[in-house]
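Please read the structure below before turning to the comments.
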Amino acid sequence: MKLSSIFSLISLFFLAAVTEGEASRCSITGIPLVRNISEQRQDSHGIRGLSHIMVAGAALHGMKEVEVWLHTYAPGTRTPIHRHPCEEAFVVLKGSGTAYIASDQAHSRHSYPGTPQEFRFSANSTFGIPVDAVHQVWNSNEHEDLQVIVVVSRPPMKLFIYDDWSMPHTAAKLMFPAFWDEECLKEESIKEEL
Ligand SMILES: *[C@@H]1O[C@H](CO)[C@@H](O)[C@H](O)[C@H]1NC(C)=O
Ligand SMILES: *[C@@H]1O[C@H](CO)[C@@H](O)[C@H](O)[C@H]1NC(C)=O
């Protein structure tokens, strides 16, 4: 065997090893079906004060209809003001906070969200965000982490982010893939191109 072909064999081997390593980080499917949340990766994905754990995800676990997250927000942490074309349900496990929801959903009367309604919640509260309603979730408790289970429909999520409540809907910035999908969805699209 020529030296050059040995080299190409070796590099193929490394390429395969790297690809497999990345794939297993980004798509954990099949058995075991029972997973331990404590062993799932925890990451802020660039949002200060957030810990995100993908309990059951589209990119990670092949979920098709719903996605489930475990989010922990440090005191004072807020989500961006945003909307998404899917439903979202929250179950508050620990702590307390405030949800702001622009009641005038789906762009019916105004071209911008307008002053939101304010809802206080605490452990054992549950609330839902309708499709396309502009909202923000805030850990307004200075002393305690806020921990929530979040369920969203139709993953992977498309986000539209607002600078403030008077920003026109048409000016909201599309973020896709969402924070936690960036790494794995990018990789998937690269795979499709190959
Ligand atoms: C989950 O993992 C944690 C940390 O590794 C461990 O302490 C705990 O016993 C595990 N729980 C289950 C249900 O396996
Ligand atoms: C939440 O509700 C359940 C069912 O009523 C109850 O068992 C549990 O103690 C409650 N927890 C808190 C923190 O109120």
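Overview of values
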{"item": "Residues (farther than 20 Å from Ala123 by Cβ, within 13 Å of ligand 1 (Cβ to nearest atom) and β-branched (Val, Ile, Thr)) located in region 30-79", "result": "Val34"}
{"item": "Test result for Phe119, within 13 Å of the chain's Cα centre (by Cα) and either modelled with pLDDT under 95 or surrounded by 13 or more Cβ atoms within 10 Å (Cβ to Cβ) (or both)", "result": "no"}
{"item": "Filter result for Ile81 (at pLDDT 65 or above, farther than 30 Å from Val134 by Cβ, of a type in the set (A, V, I, L, M) and under 19 Å from the mean Cα position of the chain (by Cα))", "result": "no"}
{"item": "Pair list, Cβ < 7 Å and 6+ apart or interchain, from region 26-45 residues that are more than 16 Å from ligand 2 (Cβ to nearest atom) to residues that are of a type in the set (S, T, N, Q) and modelled with pLDDT of 90 or more", "result": "Gln42/Ser51; Ser44/Ser51"}
{"item": "Region 43-78, residues that are assigned to a loop (DSSP other than H, G, I, E, B) and either more than 12 Å from the chain's Cα centre (by Cα) or more than 24 Å from Cys26 (Cβ to Cβ) (or both)", "result": "Arg48, Gly49, Gly62, Met63, Lys64, Glu65, Ala74, Pro75, Gly76, Thr77"}
{"item": "Within region 131-158, considering residues that are β-branched (Val, Ile, Thr) and not in a loop (DSSP other than H, G, I, E, B), the one surrounded by the most Cβ atoms within 10 Å (Cβ to Cβ)", "result": "Val137"}
{"item": "Residue tally, condition touching a strand residue (DSSP E or B) at 6+ places or on another chain (Cβ under 6 Å) and within 16 Å of ligand 2 (Cβ to nearest atom), over region 121-136", "result": "6"}
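The values are calculated or read from the model by the stated rules, or taken from the named source; none is laboratory data. Quantities reported herein were computed from a predicted structural model and do not represent experimental measurements. For neighbour counting, all protein chains shown are included, and Cβ atoms are generated from backbone atoms with ideal geometry for every residue, glycine included.
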